[in-house]
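Worksheet for the structure shown next.
The values are calculated or read from the model by the stated rules, or taken from the named source; none is laboratory data. Note that the coordinates shown come from a computational prediction; the quantities given were computed from them, not determined experimentally. A quick note on method: Cβ atoms are made from the backbone with ideal geometry, for glycine too, and the neighbour counts reach across all protein chains shown. Please note that ligands, DNA and RNA were not included when accessible areas were found on the heavy atoms of the full protein model with its side chains. Shrake-Rupley method; radii C 1.70, N 1.55, O 1.52, S 1.80 Å.
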Amino acid sequence: MSRILVVDDDRQLLRALRINLSARGYEVELAPDGGSALASASRQPPDLVIVDLGLPDMDGVEVVEGIRGWSRVPVIVLSARHLEQAKVRALDAGADDYVTKPFGMDELLARVRAALRRAAPVAQAPVVTTDDFTIDLSARRITRDGADVRLTPTEWHVLEVLVRNSGRLVSHRQLLQEVWGPKYESETNYLRVYLAQLRAKLEPDPARPRHLLTEPGMGYRFTP
């Protein structure tokens, strides 16, 4: 049974989510504010977190950041904030999905199922093959048209992070943190430079990439 932590100060919404999630076999923990949510998550780690951005004691983004400091558990943000900036901020903080209020319960439940599927442990294939090139993660080797492709250590690190998150959005912040460290979280120009270099070496048409995709304002995605 998956355990879901729901963080929201709207009692009516909490009740509705508890009823609907429990009816589908999930164990549900409710938290009315950010402080109690972080305490609950550290005491008994959940399998998924649903968090509102408008909490009485702190911004929901702070809850996401607090959880991301030690856990990779899927996080779905609920919010009445429709501006792109709010969505980007939540995703950059480490949220996996963003649902705007009002929302349909069936849609939210589908997103919960999808997030839990993505989080399920799967064996990482050491060799990833696309129509245009092959990546051997264990050997740290890339071949294209039968020839080796030489990457710099930084180019390889950027590519490896994207490939190990195949199909998922990797935010600017996550990519910068993993490759360059926390002091470089705002240096998005680094990413533009290195993604351009990788596309030039791997994509048949770098101007129209098929595998190393840009998600405008949010990050990048590798699609094999």
### Message
Could you work out what % of the accessible surface of the chain is carbon and sulfur, using a 1.4 angstrom probe and leaving DNA, RNA and ligands out of the count?
### Response
48 percent
### Task
Run the dipole for the chain about the Cα centre, Lys and Arg Cβ at +1, Asp and Glu Cβ at -1, nothing else charged, and hand back the magnitude in debye, nearest 20.
420 debye
### Query
At a probe radius of 1.4 Å, what is the per-residue accessible area of VAL128, in Å² to the nearest 10?
20 Å²
#### Entry: Furthest towards positive pole of dipole, THR154, ILE67, LEU78, structure part the chain, Cβ charges
THR154
### Message
Using a Gaussian network model on the chain with a 10 Å cutoff between Cα atoms, which of GLY94, GLY66, GLY181 fluctuates the most?
### Response
GLY181
### Message
If you build the convex hull over the alpha carbons only and average its shadow over all orientations, what do you get for the range 1-69? Give it in nm² to one decimal.
### Response
4.1 nm²
### Query
Just ILE135, ILE19, ILE50 to compare: in a GNM of the chain, with alpha carbon springs under 10 Å, which one fluctuates most?
ILE19
### Query
Per residue, how much accessible area does the range 24-94 show when a 1.4 Å probe rolls over the protein heavy atoms, in square angstrom?
45 Å²
#### Entry: Gaussian network model of the chain, springs between alpha carbon atoms under 10 Å - residue of GLY54, GLY167, GLY69 with greatest fluctuation
GLY69
### Message
Suppose all protein chains stay in the model; what accessible area per residue would a 1.4 Å probe give for the range 165-212, in Å²?
### Response
54 Å²
